[in-house]
Amino acid sequence: MTTTESPSNFSDLDQMGVKDILTNINSEDKVVPLAVEKEIETIAKLIEQIVVRMKKGGRLFYIGAGTSGRLGILDASECPPTYGVPDTMVIGLIAGGDTAIRKAVENAEDNTELAWKDLCAYNINEKDTVIGIAASGRTPYVLGGVKKAKEKNILTGGISCNKNAKLSKAVDIGIELLVGPEFVTGSTRMKSGTAQKLVLNMISTTVMIQLGKVKGNKMVDMKLSNKKLVNRAIKMIIEERGISKKEALALLEITGSVRKSIEYHL
């Protein structure tokens with residue numbers, strides 16, 4: 001039996017009070033960052049390879065089913081507004097297509113050919129990277145996709161939550177986040193999902209920093225799509241240039257971006 005399917009460390013959950021449930025979930029969640037920490041060296045190796053390819057115009061693809069697929073889509077969808085990159089740079093694909101983001105699509109994850117078909121719709125090539133996300137490490141949709149990508153000399157990575165997972169063996173660089181059994185047996189949207197989210201945060205954030213999308217500690221290329229972000233942009237410009245709010249706003253109106261405002265006439 002795989003760890004992700006092993007019985008919970010707690011029994012009689014239905015007999016627990018609300019505070020006991022919350023306390024026990026919290027105690028379980030504390031193991032997640034420690035599991036991620038053990039894989040930092042492996043995560044770094046994958047990121048270094050991704051950056052080399054993306055500097056040559058490559059893209060980053062996430063493929064997954066269910067919770068894993070949704071997490072990949074979430075991470076990919078946050079990159080354009082945060083870093084001002086096109087939505088074709090980091091792409092999340094889920095078994096069953098966009099419908100599966102909100103509702104389960106029956107049997108989609110069991111199709112070993114579907115992921116590669118989804119990837120080919122984007123004219124995937126050797127500059128790109130494919131990261132398969134599967135808590136179990138054995139989802140057919142994900143395994144089929146990364147195996148085919150690897151055959152085509154495309155860099156492949158895997159994020160799973162079982163030791164010696166099939167996914168790790170199928171990819172160039174496999175990340176295994178050993179968080180242990182879930183609080184609710186088999187509910188991998190919990191610790192496994194949290195661990196996967198942390199690693200995806202690490203991957204996309206580090207890649208974008210390496211690609212020059214952050215200046216100091218600021219996301220200077222973010223899209224100014226609402227009032228909150230405009231105010232954040234003004235604050236950044238004030239801090240970087242030591243000018244008044246009125247001057248910062250004037251610069252922003254001229255340039256349309258934080259980066260250009262900071263560099264304006266410098």
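The values are calculated or read from the model by the stated rules, or taken from the named source; none is laboratory data. Keep in mind that what you see is a predicted model, and the values were worked out from it rather than measured. In this analysis, Cβ positions are derived from the backbone assuming ideal geometry, glycine residues included, and neighbour counts consider all displayed protein chains. The area values use the complete protein model at the heavy-atom level, side chains included, leaving out ligands, DNA and RNA. Shrake-Rupley method; radii C 1.70, N 1.55, O 1.52, S 1.80 Å.
Only one of these is closer than 21 Å to residue 156 by Cα, open to solvent by less than 80 Å² (accessible area, probe 1.4 Å), at pLDDT 95 or above and of a type in the set (S, T, N, Q): 68, 8. Name it. The conditions single out 68.
Just one of the numbered conditions (1) modelled with pLDDT under 95; (2) within 21 Å of the chain's Cα centre (by Cα); (3) not in a helix (DSSP H, G or I) is not true of residue 174: (1). Of all residue pairs spaced 6 or more apart or on separate chains, those with beta-carbon atoms under 7 Å, a first member in the stretch 93-105 that is surrounded by 13 or more Cβ atoms within 10 Å (Cβ to Cβ) and a second member that is assigned to a strand (DSSP E or B) are 93/61; 93/62; 93/63; 94/64; 100/94; 101/94. The residues of the stretch 31-56 that are in contact with a Lys or Arg (Cβ under 9 Å, 6 or more places away or on another chain) and not in a helix (DSSP H, G or I), listed by number, are 31, 56. Within the stretch 219-246, the set of residues being within 22 Å of residue 87 (Cβ to Cβ) and either in contact with a Pro (Cβ under 6 Å, 6 or more places away or on another chain) or not in a helix (DSSP H, G or I) (or both) comprises 219, 220, 221, 222, 223, 224, 225, 226.
Only one of 203, 262 is without any contact (Cβ under 8 Å) to a residue 60 or more places away in the chain and part of a helix (DSSP H, G or I). Can you tell me which?
Exactly one of 203, 262 is without any contact (Cβ under 8 Å) to a residue 60 or more places away in the chain and part of a helix (DSSP H, G or I), namely 262.
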